[in-house]
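The values are calculated or read from the model by the stated rules, or taken from the named source; none is laboratory data. Keep in mind it's a predicted model, so treat the numbers as computed, not measured. When we count neighbours, we look across all protein chains shown, and the Cβ atoms used for this are built from the backbone with ideal geometry, even at glycine. When the accessible area is computed, the model is the full protein with side chains, heavy atoms only, and any ligands, DNA or RNA have been set aside. Shrake-Rupley method; radii C 1.70, N 1.55, O 1.52, S 1.80 Å.
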Amino acid sequence: MADGDAGLRRRKGFNAEISSSEKDSKKITEEIDKEKEKPLQTNTFWLTRIVLLRYIGFIYFVAFLVALHQNKELCGQQGLIPAHKFLKRIQQETKGINMETFTRIPSLVWLIDYEENLDKFLDYTAYAGLALSLFVIVVGGANWFIMIGLWVLYHSIVNLGSTWYGFGWESQLLETGFLATFLCPVWNFSPVPEGTPTSMIVIWGFRWLIFRIMIGAGLIKIRGDKCWRDLTCMNYHYETQPVPNPISYFMHQSPEIFHKFETLTNHFVELVAPLFLIGPRRLCMVGGAIQILFQVVLIISGNLSFLNWLTIVPSLVCFDDASLAWLFSSKSGSVRDQVYQLQRKGTPTLKVGNYIRRVFNISLGCLIAYLSIPVVQNLLSPRQAMNTSFDPLRIVNTYGAFGSVTKERTEVIFQGTYDNPYEPSAKWEEYYFKCKPGNITNRPCLISPYHYRLDWLLWFAAFQNYQYNPWLVHLAVKLMSNDPGAESLIAYNPFHERDPPKYIRVEHYRYVFTKIGSKDAKLGRWWKRRHIGNYLPPISLDSVKEFMKNMDYEYPRIRRRRKP
């Protein structure tokens, strides 16, 4: 009996050892699985920085690509609004090139002979910007010098682009790029620079940016057009926005109750949801997700340049490493693995450089707070201005969009002829542009985030007059000589490889979308149009000599086709 008891005890001990061994094995397995998953801590932003920098690099790349393809024709030496004339006037007003000159027009262009080398400057600046932005996209990291380089290069373009760059998204990109600089180390451009965690002051700077963008847009609407208050603005927006896309055509024809819901949703996103951004982690993430989803909807429903793509950037800081880990591989040596190892090490011993960086970041926060004073005053003012900069470097700006919505779409249509322009029998042939409505059978374009600046300005010109837009007359003059630069800005020149027209006029038309399923739609027409009247009376090269002289434009050479 005693032997049996001893055997039972031995068996129990053996089973206990097995049970203990199984528990240890299970624990080790769980630790291995946990190691493979590499769960990241919350409220750190190593991966967030990588996502931000790559995304900002993408936006910069698009912006510099637009500059490379269009700037010489728009503001180059032979452009529609030659920048060197504007620069010369500024230089005369400041009595030479000095600190006041750089303050009024911050640009590297002052360092060159801009009257001789403006076109080269525009090209080289764009190429340098493309190279640096591509580097940031590929590497996923940058340092101060790379990001400041991008910011200075784009500043140099924006400030001499005048009319072509007079939109809120240019200042928004400059402010975003400035903040992004201080996400990075001074020298190291590693995606995970061990000694330089992402500054929380810069994170909050981005949250303050998206807060201002959305609140500014919401307030300008409530204070502006009555249709935002009676919930009817979306009845018109898709048809009358600057450059509609194919989805705009279908969304315009949604039921009115849906348009009212859209307007209410817009007010919620712009006036209520920004408050989520200053809440605790989960609420902030919800706020960021709302803003990103809202911008995606706007991207789908229209061609608003890179504005909405850019507005996604500051919303990304609502997501920390733990929430973005799924975007990255957990393989050994990956950036996610590097972040995991850093978090396991805990807080590193601070060096002198870390203290200097902290002092700098606090100073940056104080600068943003100081420059925000006129911005906040503007937001609180009943006479709120939108898309305004209060400092020449555009570090902190005020924003807003579509404070008023046009209720009718009008277009300016360029036409040329060889005939007597005042004869009813004159045959007029139309020019078509790359994206703006013209030919009623042309499908609306889909180009966002790319941007055709001329098409955008022609939308504004349609509800102004040609006296307010002398560059429009200059464009007509260039088309009367089949100027290659002007031709590159349009989609179709009816006189290409022919003698240029003797006369050009610009007519004014009212455009509306055709109804889905209507006879016009079945015939392949996206638009219906009705002639309103003449916008620019017929002009010839002889008739514009005085205009060209007064505007100090170069009189064109007539490019006639050689006869065989």
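Its relative contact order, with pairs defined as Cα atoms under 8 Å and 6+ residues apart, puts the chain at 17 percent. Residues of region 408-430 falling in the label zone of Asn534, defined by backbone nitrogen less than 15 Å from a point 7 Å along Cα to beta-carbon, are 413-417, 419-428.
Relative to the present Cα-Cα distance, how much length would full extension add between Lys226 and Lys345 at 0.36 nm per residue of separation? Intermediate results must be reported in sequence, preceding the final value.
On the way: separation 119, 0.36 × 119 = 42.84 nm, distance 5.77 nm.
The span from Lys226 to Lys345 would gain 37.1 nm if fully extended.
Using θ = phi - 60° in the Karplus curve 6.51 cos²θ - 1.76 cosθ + 1.60, the 3J(HN,Hα) couplings for region 95-109 round to 6, x, 9, 9, 4, 5, 4, 5, 5, 6, 10, x, 6, 5, 4 Hz; x is entered for Gly and Pro.
Rg/Rh for region 37-154 to two decimals, with Rh computed the Kirkwood way over all alpha-carbon pairs.
Details: Rg = 18.2 Å, Rh = 16.1 Å.
That ratio is 1.13, to two decimals.
Does region 262-335 classify as rounded, prolate or oblate by the C-alpha gyration tensor (a ≥ b ≥ c root eigenvalues; a/c under 1.5 gives rounded; else a/b over b/c gives prolate, otherwise oblate)? Oblate shape, in that a/c is at least 1.5 and b/c is the bigger or equal ratio. For region 171-181, backbone phi angles converted through the Karplus equation (6.51, -1.76, 1.60; θ = phi - 60°) give residue-by-residue couplings of 5, 5, 5, 5, 5, 4, x, 5, 4, 4, 4 Hz, Gly and Pro being listed as x. Using bins of 20 Å that start at zero, the share of Cα-Cα pairs per bin across the chain amounts to 18, 45, 26, 7, 3, 1, 0, in whole %. If R0 equals 25 Å, the separation of the Cβ atoms of Asn188 and Tyr370 corresponds to a calculated FRET efficiency of about 0.25. Restricting to DSSP H runs of at least four residues, report the calculated mean residue ellipticity at 222 nm for the chain, -39500 (n - 2.57) per run over all residues, nearest 500 deg cm²/dmol. For the chain, the value works out to -17000 deg cm²/dmol. The share of Cα pairs per 5 Å bin across region 450-557, counted from zero up to the longest distance, runs 2, 10, 17, 19, 20, 15, 8, 5, 2, 1, 0 percent.
Please list, by residue number, every one of the GluC sites (Glu not before Pro) in region 411-510 that is coil in DSSP and has at most 16 other beta-carbon atoms within 10 Å.
Details: sites: Glu411, Glu429, Glu430, Glu487, Glu497, Glu507; in loops: Glu497.
When the GluC sites (Glu not before Pro) of region 411-510 are filtered for loop state and at most 16 Cβ neighbours within 10 Å, Glu497 remain.
Calculated translational diffusion coefficient of region 219-306 (4 °C, 1.567 mPa s; Stokes-Einstein with Kirkwood radius over alpha-carbon pairs) equals 93 µm²/s. In this structure, the amide hydrogen of Thr410, modeled 1.01 Å from its nitrogen in the peptide plane, lies closer than 5 angstrom to those of Tyr511, counting only residues at least 5 positions away or on a different chain. Determine the per residue accessible area of the chain with all protein chains present and a 1.4 angstrom probe, expressed in square angstrom. Result: 48 Å² per residue. Debye-formula intensities of region 378-418, expressed as log10 I(q)/I(0) at q = 0.14, 0.19, 0.26, 0.29 Å⁻¹, are -0.56, -0.72, -0.95, -1.05 (one equal scatterer per alpha-carbon, no solvent).
Among beta bridges identified by DSSP and lying wholly in the chain, the antiparallel ones come to about 100 percent. Measuring nothing but alpha carbons in region 315-400 and taking Rh as the Kirkwood radius, the Rg to Rh ratio lands at 1.16.
Using 0.36 nm per residue of separation minus the Cα-Cα distance, give me the extension gain between Lys434 and Tyr422 in nm, one decimal.
Details: separation 12, 0.36 × 12 = 4.32 nm, distance 2.90 nm.
Contour length minus the Cα-Cα distance gives 1.4 nm.
FRET efficiency for the pair Ser488 and Lys95, taken as 1/(1 + (r/R0)^6) with r the Cβ-Cβ distance and R0 = 30 Å, rounds to 0.20.
Full extension of the chain segment joining Ile112 with Ile278 gains 55.2 nm, where the gain is 0.36 nm per residue of separation less the Cα-Cα distance.
For the pair Val139 and Asn465, what calculated FRET efficiency results from E = 1/(1 + (r/R0)^6), where r is the Cβ-Cβ distance and R0 = 41 Å, to the nearest 0.05?
Working: r = 49 Å, r/R0 = 1.21.
Result of the calculation: an efficiency of 0.25.
Expressed as a fraction of 2.2 N^0.38 Å, the value expected for a compact globular protein of N residues, the C-alpha radius of gyration of region 424-506 is 1.13. Annotation: for a label point projected 7 angstrom from Cα along Cα→Cβ of Thr42, residues of region 300-337 with backbone N closer than 15 Å are 318-325. Computed on the Cα trace of region 327-374, the radius of gyration divided by the Kirkwood hydrodynamic radius gives Rg/Rh = 1.23. Expressed as a fraction of 2.2 N^0.38 Å, the value expected for a compact globular protein of N residues, the C-alpha radius of gyration of region 57-125 is 1.16. Only residues of region 298-321 count here: report those whose backbone N is under 18 Å from the spot 7 Å along Cα→Cβ of Phe268, or say none. Backbone N within reach: 298. Kirkwood's formula applied to the C-alpha pairs of region 345-481 gives a hydrodynamic radius of 20.7 angstrom. Expressed as a whole percent, the accessible area of the chain that falls on carbon and sulfur atoms is 60 (1.4 Å probe). Projecting label points 7 angstrom from Cα along Cα→Cβ for Phe102 and Tyr355 puts them 3.2 nm apart.
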